[in-house]
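The values are calculated or read from the model by the stated rules, or taken from the named source; none is laboratory data. None of the values given here were measured: they were computed from a predicted structure. Reconstructed Cβ throughout: ideal geometry from the backbone, glycine too, with neighbour counts over all protein chains shown.
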Amino acid sequence: MILLQSLRDNTQDIVNALKKRNLDAAPLVENVLRLDEKRRAVQTQLDTILAQNNTLSKEIGMLFKAGKAQEANALKEKTGQLKEDSKKLGETLNSIKDQLQEALYQIPNVPHPSVPAGSSDTDNETVFEEGGIPKLDPNAIPHWELAKKYDIIDFELGVKITGAGFPVYKGKGARLQRALISYFLDKNTAAGYTEIQVPHLVNEASGYGTGQLPDKEGQMYHITADDLYLIPTAEVPVTNLLRDQILNEPDFPIRYTGYTPCFRREAGSYGAHVRGLNRLHQFDKVEIVRVEHPQNSYEALDAMVEHVKQILRELRLPYRILRLCGGDLGFVAALTYDFEVFSTAQDRWLEISSISNFENYQANRLKLRFTDKNGKKVLAHTLNGSALALPRVLAGILENYQTPEGIKIPEVLVPYCGFEIID
RNA sequence: AGAGAGGUGGCCGAGUGGUCGAAGGCGCACGCCUGGAAAGUGUGUAUACACCAAAAGUGUAUCGAGGGUUCGAAUCCCUUCCUCUCUGCCA
């Protein structure tokens, strides 16, 4: 959530910057500032009344001790009105606070100056492109057909036991999945990220911490019996490890990587582009998460981008990097780079990683702070990215590495797979 | 799931209606002591919000969370969440 203090201090700058999201934030911001002003006025009133009441109570206590019961009782009568007033004001204050909170939740993060203007994914800016697009056999086919041909992924079986979007990986397909997970984790730990295994279900507080709640309630699977949510990404449990923490400067940088399955309801997103592995309800992902000193967060973002580049180079997949435009930028992100792999067989780009700096937007909700050199408590910056999401990487490999003899396994994965070709 | 115990500051732990934001200890920071260190010793050591231009300062809230009783609640009552122990179940 956006920092109220900076909203107060830089109102106009923030409203202007949010225009990049094609959002006229002025009314939202005005509402927040109005509520904030109201809140402070009520707070001051309430504090005064409570202070009076406290003083009286102390006096009464002392009078009783001194045996002056009569005087004490006289004072007691004075407190009646104060009590009534404080109760009313307390209720008002709570209601204003709730409204303020809700109003703040509606304001998205302020885009970084480098975020291009634009309304949809067609306005995203390609900042880097690398890797040769392979020349495939004229009979090349998309991965869902390859999956069937070599019997490595069974979508129908998934439908039978669960439903659409829950594929079953078989034989070499399953082994390739496991290989990718291990390979990604190894790359990440070698780059300094600490491997971590987290629960796949989280409570409500964690959902709020990283911003999935309340905005994206409908996107998560909710276990109502125990009021827990299946994680849509490892970002949620991993980032929440640091919720309510006050760090020290030497603790930076904090770097975590974790593999988890991810569960997404993807309500309302069906269509031609969701075939096969392109969009699933359950998929595997290896995530990287960083918590940084505000001064270093953009350096960290660049490092994360470089790191993922390295992996795609090793896998020899043609990819490009996009800087998301204001219209495509996620609600809580200040700057996001998307990685896309080109699927030659589908003749389209597939998003396989999204790396974002949330600056202090997420940390504000998480109450994730550190003590700076002057002893002040300052919000940290949080970042995360996929390194990497499995299904589309798998799709890219299957499609780009297909030959008439079978699907070749990228060299770096052979030691992890134990075979060189799927045939 | 059933029965019981419990949740206090960075940690341990005292506190069963009044001056308690909370004893004591540990830890941490700074100083003294020392050739240096240890030991010893002194001081300090929560967070949020409000008032104030700001600092200083003052006020308010916070003893798992929410509500109640009371002039006054860490302490009493209710609700709820969580943890631990035993029983049950079980990879």
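List of remarks:
- Enumeration of residues in the range A:331-347 that are touching a residue at least 40 places away in the same chain (Cβ under 8 Å) and surrounded by fewer than 20 Cβ atoms within 10 Å (Cβ to Cβ): A:331, A:344
Rundown of residues vs (1) in contact with a Pro (Cβ under 7 Å, 6 or more places away or on another chain); (2) modelled with pLDDT of 95 or more, yes/no style:
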{"residue": "A:240", "(1), (2)": "no, no"}
{"residue": "A:250", "(1), (2)": "no, no"}
{"residue": "A:260", "(1), (2)": "no, yes"}
{"residue": "A:276", "(1), (2)": "yes, no"}
{"residue": "A:298", "(1), (2)": "no, yes"}
{"residue": "A:302", "(1), (2)": "no, yes"}
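- Subset of the range A:42-90 (residues that are closer than 26 Å to residue A:100 by Cβ, touching a residue at least 12 places away in the same chain (Cβ under 8 Å) and within 7 Å of RNA strand B (Cβ to nearest atom)): A:43, A:46, A:50, A:53, A:83
- Taken together, the criteria exclude residue A:198 from residues that are buried (at least 21 other Cβ atoms within 10 Å of the Cβ) and of a type outside the set (Gly, Ala, Ser).
- Of all residues in the range A:44-63, those satisfying the criterion of being more than 14 Å from residue A:82 (Cβ to Cβ) and either surrounded by 15 or more Cβ atoms within 10 Å (Cβ to Cβ) or of a type in the set (Gly, Ala, Ser) (or both) are A:61, A:63.
- On inspection, residue A:387 qualifies as among the small types (Gly, Ala, Ser) and either within 23 Å of residue A:184 (Cα to Cα) or touching a His at 6+ places or on another chain (Cβ under 8 Å) (or both).
- Hits in the range A:222-264 - residues which are of a type in the set (Val, Ile, Thr) and either more than 13 Å from residue A:208 (Cα to Cα) or without any contact (Cβ under 8 Å) to a residue 40 or more places away in the chain (or both): A:223, A:224, A:231, A:233, A:236, A:238, A:246, A:254, A:257, A:260
- Candidate set: the range A:223-249, residues that are within 22 Å of residue A:388 (Cβ to Cβ) and in a loop (DSSP other than H, G, I, E, B); chosen: the one farthest from RNA strand B (Cβ to nearest atom): A:233
- Single match in A:414, A:341 (criterion: over 21 Å from the mean Cα position of the chain (by Cα), more than 16 Å from RNA strand B (Cβ to nearest atom), in a helix (DSSP H, G or I) and not basic (Lys, Arg)): A:414
- In the range A:131-164, residue modelled with the highest pLDDT [restricted to those that are surrounded by fewer than 19 Cβ atoms within 10 Å (Cβ to Cβ), within 33 Å of the chain's Cα centre (by Cα) and not in a helix (DSSP H, G or I)]: A:154
- Unmet criterion (only one of (1) touching a residue at least 40 places away in the same chain (Cβ under 8 Å); (2) more than 19 Å from residue A:112 (Cα to Cα); (3) not charged (D, E, K, R)) for residue A:374: (1)
- Restricting the range A:351-381 to residues that are among the aliphatic types (A, V, I, L, M) and surrounded by 23 or more Cβ atoms within 10 Å (Cβ to Cβ) leaves a set whose member that is farthest from RNA strand B (Cβ to nearest atom) is A:352.
- Selection from the range A:191-222 of residues that are of a type in the set (S, T, N, Q) and more than 16 Å from RNA strand B (Cβ to nearest atom): A:194, A:210, A:212, A:219
- For residue A:16, the stated conditions do not hold, so it cannot be described as out of contact with any strand residue (DSSP E or B) (no Cβ under 6 Å at 6 or more places or on another chain) and either at pLDDT below 90 or within 12 Å of RNA strand B (Cβ to nearest atom) (or both).
- Some residue of the range A:288-305 being over 25 Å from residue A:112 (Cα atoms), of a type in the set (Val, Ile, Thr) and over 14 Å from the mean Cα position of the chain (by Cα): no
- Residue within the range A:360-381 that is modelled with pLDDT of 95 or more, of a type in the set (Val, Ile, Thr) and touching a helix residue (DSSP H, G or I) at 6+ places or on another chain (Cβ under 9 Å) present: no
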